[in-house]
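Worksheet: one structure, shown below.
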Amino acid sequence: MRAYISVSYSNRKNIKNVLNVITEVLQDTGIIPFVFVDAYSFSASEEKQMMAKAMLDIDSSDLLIAEVSDKAIGIGVEAGYAKAKGKPVIYLRHTDAEHSTTLAGISDYQIIYQSVEDLRINLGMMLRQITGKQKPPL
């Protein structure tokens, strides 16, 4: 299983800890994380190539996680494309961030987190529910 993680390119460095938690939780659940903004670099004139690649990567993923603590049109486009392709969409945002009505409206699951530990716990529970995997015994 593979998860496409959609984040704001301009805010990527500010949510490093959040992305680390998301990727760790995905890996713990047996899901391969894929962060588009970390995988490629496109120039401003390569917008068609960028979106074609994004759509191919979403097509080869099983779900999309949209971290929208920093709103970005690209996240909405990617999430809308994933939803149109029948992929589950998970909406994540920090409690202090502005709510995205459009993205929340198309999401299948939502997590509004207060801290990275809160995110870790709730995303782990959600992914285990989605995948049908139980938490391993201690």
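The values are calculated or read from the model by the stated rules, or taken from the named source; none is laboratory data. Keep in mind that what you see is a predicted model, and the values were worked out from it rather than measured. Positions of Cβ are generated from backbone atoms using ideal geometry, with glycine treated the same way; all protein chains shown enter the neighbour counts. Calculation scope for accessible area: heavy atoms of the full protein, side chains included, ligands and nucleic acids excluded. Shrake-Rupley method; radii C 1.70, N 1.55, O 1.52, S 1.80 Å.
So here's what we get for this one:
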item: Estimated distance in nm for a label pair at Ser60 and Gln110, the labels positioned 7 Å out from Cα along Cα-to-Cβ; result: 3.3 nm
item: Principal-axis tilt of helix 16-28 within the chain, Cα atoms, nearest 10 degrees; result: 60 degrees
item: The range 68-138, accessible surface, carbon-and-sulfur percent (1.4 angstrom probe); result: 54 percent
item: Shape category assigned to the range 14-66 from the gyration tensor of Cα positions, a/c cut at 1.5; result: oblate
item: Selected from Glu98, Glu47, Glu78 as most flexible by GNM, with the chain as the system and alpha-carbon contacts under 10 Å; result: Glu47
item: Net charge, Pro88 excluded, C-beta distance under 10 Å - Lys, Arg +1, Asp, Glu -1; result: 0
item: GNM result for the chain, Cα springs below 10 Å: residue of Ser45, Ser69, Ser61 fluctuating most strongly; result: Ser45
item: Convex hull volume per residue for the chain, taking Cα atoms only, in Å³; result: 100 Å³
item: Folded to 0 to 90 degrees: helix 47-59 orientation relative to the chain principal axis, Cα; result: 30 degrees
item: With Cα atoms, 0 to 90° folded angle of helix 116-131 axis to the chain main axis; result: 90 degrees
item: Average accessible surface area per residue within the chain, 1.4 Å rolling probe, Å²; result: 55 Å²
